[in-house]
């Protein structure tokens, strides 16, 4: 049966329109305040290109880490049976609601030079994560990976597992079942989680500046470059760089909706 057409509710429409405008007005502000005459020169400056390149490298590396380690974790949370699973899930998703600067401080206390992991790591190998590109990747992974885990876990939970059982009953091996049955069924969730993780890593600010610092050409990503430009009075540069991230984020969200089969 087709859904019945809902009667028009003026109050609901008004409230919905106000909510939409609440999100649209800041974007209009960026567009009207953009230095369109200097946009190309600002975006192609050495500092902007360095920050953009660093952001792309770090965010892609964080996404790869999420794929390698986040998928097994999502699988365990969706399919595993063990005590404390709720606690593990809570700790995994905590960075999503934790203030990013708090996450950065926590990373320093764990992986910094005097951290309970960072100090022995530094003494044993000479590897120090803070104020390095590796530190940027660690900070972005800490904040962004939970988005991948919960999205893939949701896909694994909602899929029809009887199709896997049918494939196994027909003699398919475990890897074949995963490759030919499970993976196609969870592909929308897997792709959407990957895109969300990359977008969140690309826009990460608080944990990155706290744990990795803001060294131009070393740890200064696009959000950090925008912050420095704005605080230094270079508002045109901050607006131009912000528009770049807005365009990228908008494309990512549209792509995610298409993958998920949304309107």
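Read-outs throughout are calculated quantities, based only on the coordinates presented, and are distinct from any laboratory measurement. If you're wondering where the values come from, they're calculated on a predicted model, not measured in any experiment. Methodologically, a virtual Cβ is constructed for each residue, glycine included, from the backbone with ideal geometry; neighbour enumeration extends over all protein chains shown.
Among 92, 176, which comes first, then next, by fewest other beta-carbon atoms within 10 Å?
176, 92
Residues of the stretch 14-36 with backbone nitrogen within less than 18 Å of a virtual label 7 Å along the Cα-to-Cβ line of residue 8, please, listed as ranges.
Only 14-18 pass the distance filter.
Taking neighbour counts of Cβ atoms within 10 Å as a proxy for exposure, in what order, fewest first, do 140, 164, 153 appear?
Arranged by neighbour count, lowest to highest, 140, 164, 153 become 164, 153, 140.
Residue separation times 0.36 nm, minus the C-alpha to C-alpha distance between residue 87 and residue 24: what's the value?
18.9 nm
Suppose R0 equals 35 Å; then what is the FRET efficiency for residue 124 and residue 46 from their Cβ-Cβ distance, rounded to the nearest 0.05?
For residue 124 and residue 46, the calculated efficiency is 0.40.
Assuming 0.36 nm per residue, please report the length gained on full extension of the stretch residue 39 to residue 175 beyond their Cα-Cα distance.
43.9 nm
Given R₀ = 22 Å, what would the calculated FRET efficiency be for residue 255 paired with residue 154, taking r from the Cβ atoms and rounding to 0.05?
0.75
Give the residues of the stretch 64-80 whose amide nitrogen is closer than 11 Å to a point set 7 Å from the Cα of residue 117 in the direction of its Cβ.
Once the point is set 7 Å along Cα→Cβ of residue 117, nothing inside the stretch 64-80 turns out to lie under 11 Å by backbone N.
What ranking of 187, 75, 198 emerges when the number of other C-beta atoms within 10 Å of each C-beta is taken as an exposure proxy, fewest first?
187, 75, 198
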